[in-house]
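Novice: Supplied in structure tokens, the structure appears directly below.
The values are calculated or read from the model by the stated rules, or taken from the named source; none is laboratory data. Predicted, not measured: the structure shown is a model, and the values here were computed from it. We place every Cβ from the backbone using ideal geometry, glycine too, and count neighbours over all the protein chains shown. Keep in mind that these areas ignore ligands, DNA and RNA; they rest on the heavy atoms of the full protein, side chains included. Shrake-Rupley method; radii C 1.70, N 1.55, O 1.52, S 1.80 Å.
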Amino acid sequence: MMAVETVCSSLPNNSTVQLNKLEECNGKQEKVLNGKAANFKNGYVKNTQLNNGTGKFAKSDGLPPIDWTQHETFAGSFEKSTLLTAALTHIGLYILMFLGFINQLLFTPKVATEKNREGYAPLYNPFEQFFSRYVYRRVQHCFNRPICSAPDAEVTLMERHSDDYNWTFRFTGKKRVCINLGSYNYLGMSMLERGPVADAVRKYGLAMASPYGELGRCELHDKLEAEIADFLGVEAAIVFGMGFATNTLSLPGLLGPDVLALSDENNHSSLILGMRLARATVRVFRHNDVKHLEQLARAGIAEGKWRKIVVVVEGVYSMEGSIVPLRAVVALKKQLGLQLYLDEAHSIGALGPNGRGVTDYWAVSPADVDVLMGTFTKSFGAAGGYIAGSARMVRAVRGAGHAATYAHAMSPPVVQQVREALHTMRAPAGRDRFRALQRNVHYFRQRLESMGVVVFGHPDSPVVPMLVYTFSKMAATVELLTECGIATVGVGFPATPLNKARIRFCLSAAHTREQLDACLRGIQSAADTLGLRYSRRPRPPH
């Protein structure tokens, strides 16, 4: 059966009626799913006639139920916080916002103001403007930190200082070498031999100065697409110059107004934006909950009005560190006749004995996934992304997707960097890197759990989130770890729920055991100083 078909991008004359039909999304209104825009989830409002697929319909799908006890559905550990921790986190946030309102009343912010806007809609959402100025600004020094080295196992930070409470920054001229736990350099490919990349620059220049649809292709692009398809075990592939745009500009060529997309609640914003641009109807299922996904899928089938129903998931979720239960999802896909779009941005190169991603990890045939998407920004140490699968589907993306027509083609030296990384991954040295990464992941996660901190995600995920819950502790943890020579990333709202700020560690095959031990000593010191031992689970032996 054809995996994906192109759809007409124009709406019929009764577009108002069609758009009204698109305005539907499941889930509880009080929970933020896939972000919130103007109080809507995924850009759609809730359909009052449907409740997570459990409402009554005129007909049944007639398909037998699935026995999920026969399938592996574990996708990660998510320890819940105590009621006291949740209450104190909310109280701390409310105090922070109250102080922000007082600050707003007493002091004029050092920002540009809107003028001569009578009769026009405001440029900025009032809450987002307030949050950005008086909550985010307090911890702004923990974000957007400039570096002056390659992001390898170590990275050099350029120190900054603010004289006006983070309204502005100035460089101090000092540099600090830190162990790098913040970059997506999973396989340590950021420091590959530069010779072939330099040769590509000399022959083709730095840019193609054109999209693929015009004069933007060269032999390097053709070779890379053939090599990616062969590596993944599929018929064809197409590459793009930007990872985010791979999802955003390809989905409109694959979906349409007569398509139902079932989206995981923790899907990346690039997927969400792509589904919005495609004008597909989106319904959200709970994170990695295949039973809830089955409910929504059966409800969609019972409606009998969708040209196709597409499940949209990720391989590794970058904020949760969880892994999709792909075998269970594929079993559901086959049972109900669904289609599957799999984003492997964080899993390609980082999972599986051969580094082929989550399909390799779960021993699932690539032919069982209709659309394989991945990026070159993580394990490949480069930039861009790909769409891979059947030759017919790839032709549809070339013809109906926006990227081939409008987006700038991938830079030739970047193409060559991806090819060199791919060649390394397919060599014995590449398999050594896969094993080194998994050893580091297991060791680091086990040591964190033995400290008594809350760690989210799957034991095999290279993304390791450590929960600190509050904005203030997130900032303090980043500061303390930096003082210990550890560069890491703090994550808070809106990337996470308001009360689930965290420190996200990204492991690499390039890390040595001595470096990891140094990081763990710094984390243990921060946990003692700030009281981060929230876990109530039995601690594994050191």
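Novice: Can you give the relative contact order of the stretch 111-191 as a percent, counting alpha carbon pairs under 8 Å and 6+ residues apart? Present the calculation step by step, with values, prior to reporting the outcome.
Specialist: Details: 76 pairs, mean separation 19.3, N = 81.
Once normalised by length, the contact order is 24 percent.
Novice: Output the DSSP H helices from the chain with an along-axis C-alpha extent of no less than 24 Å and a mean Kyte-Doolittle hydropathy no less than -0.5.
Specialist: Numbers: long enough: 83-106 (35 Å, 1.72); 428-451 (35 Å, -1.20); 513-530 (25 Å, -0.26).
The answer, listed by residue number, is 83-106, 513-530.
Novice: Suppose accessible area is computed on protein heavy atoms with a 1.4 Å probe; arrange Trp68, Trp306 from highest to lowest. Walk me through the numbers on the way to the answer.
Specialist: On the way: Trp68 25, Trp306 45 Å².
Listed by decreasing accessible area, they come as Trp306, Trp68.
Novice: Return the whole-Å distance between the Cα centroid of the stretch 78-111 and the Cα centroid of the stretch 250-264.
Specialist: If you average the Cα positions of each part, the centres end up 38 Å apart.
Novice: Looking at the chain from every direction and averaging, what is the projected area of its Cα convex hull in nm²? Before the final figure, lay out each step's value.
Specialist: Numbers: hull surface 111.6 nm².
About 27.9 nm², averaged over all directions.
Novice: Note down the relative contact order for the chain as a percent, whole number, built from C-alpha pairs under 8 angstrom at least six residues apart. Don't skip to the answer; put the middle values down first.
Specialist: Working: 1043 pairs, mean separation 112.2, N = 542.
Reported as a whole number, the value is 21 percent.
Novice: If N is the number of residues in the stretch 61-166, what value comes out of its Cα radius of gyration divided by 2.2 N^0.38 Å?
Specialist: Details: Rg = 23.1 Å, N = 106, 2.2 N^0.38 = 12.9 Å.
That works out to 1.78 for the stretch 61-166.
Novice: If Lys and Arg each add +1 and Asp and Glu each add -1, what is the summed charge of the other residues whose beta carbon sits under 10 Å from the beta carbon of Thr89?
Specialist: Counting the neighbours of Thr89, the net charge comes to +2.
Novice: If one computes P(r) from the Cα atoms of the stretch 408-542, what percent of pairs lie at distances over 19 Å?
Specialist: Working: 5075 of 9045 pairs.
Within the stretch 408-542, distances greater than 19 Å cover 56 percent of Cα pairs.
Novice: In bins 10 Å wide, starting from 0, what share of all Cα pairs of the stretch 149-246 does each bin hold, as a percent?
Specialist: 11, 25, 31, 20, 11, 1
Novice: Lys and Arg at +1, Asp and Glu at -1: add these up for the other residues within a Cβ distance under 14 Å of Pro353 and post the number.
Specialist: That works out to +3.
Novice: Could you order Ile147, Ile228, Ile66 by accessible surface area, starting with the largest, using a probe radius of 1.4 Å? If you can, show how the numbers build up before the last one.
Specialist: Numbers: Ile147 75, Ile228 0, Ile66 30 Å².
Ranked list, largest accessible area first: Ile147, Ile66, Ile228.
Novice: Between exposed GluC sites (Glu not before Pro) in the chain, where DSSP calls loop and at most 10 other Cβ atoms lie within 10 Å, what's the longest gap?
Specialist: On the way: sites that count: Glu30, Glu114, Glu118, Glu193.
With GluC sites (Glu not before Pro) excluded where exposed in loops, the chain gives 194-542 as its longest stretch.
Novice: Take the alpha-carbon positions of the stretch 220-321, form their convex hull, and give its projected area averaged over all directions (one quarter of the hull surface) in nm². Mind dumping the intermediate values first?
Specialist: Numbers: hull surface 30.0 nm².
If you wrap the Cα atoms of the stretch 220-321 in a convex hull and average its projections, you get 7.5 nm².
Novice: Pairs Lys291/Lys333; Lys305/Lys334; Lys308/Lys334; Lys291/Lys334; Lys291/Lys378; Lys110/Lys500: which are spaced more than 23 Å apart, C-alpha to C-alpha? Before the final figure, lay out each step's value.
Specialist: Working: Lys291/Lys333 13 Å; Lys305/Lys334 20 Å; Lys308/Lys334 13 Å; Lys291/Lys334 15 Å; Lys291/Lys378 31 Å; Lys110/Lys500 29 Å.
Table pairs above 23 Å Cα-Cα are Lys291/Lys378; Lys110/Lys500.
Novice: Output the antiparallel fraction of DSSP beta bridges having both residues in the chain, as a percent to the nearest 5.
Specialist: Looking only at bridges with both residues in the chain, the antiparallel portion is about 60 percent.
Novice: Further question: So what does Val394 come to for accessible area, using a 1.4 Å probe and Å² rounded to 10?
Specialist: 0
Novice: Looking at the P(r) of the stretch 287-437, how many percent of alpha-carbon pairs lie beyond 23 Å?
Specialist: Roughly 44 percent, rounded to a whole number.
Novice: Just want the answer: with Cβ charges of +1 for Lys and Arg and -1 for Asp and Glu, which residue in Tyr361, Ala391, Ile323 is farthest toward the dipole's positive end in the stretch 306-392?
Specialist: Ala391
Novice: Distance between the C-alpha centers of the stretch 186-248 and the stretch 120-178? Whole Å please.
Specialist: 32
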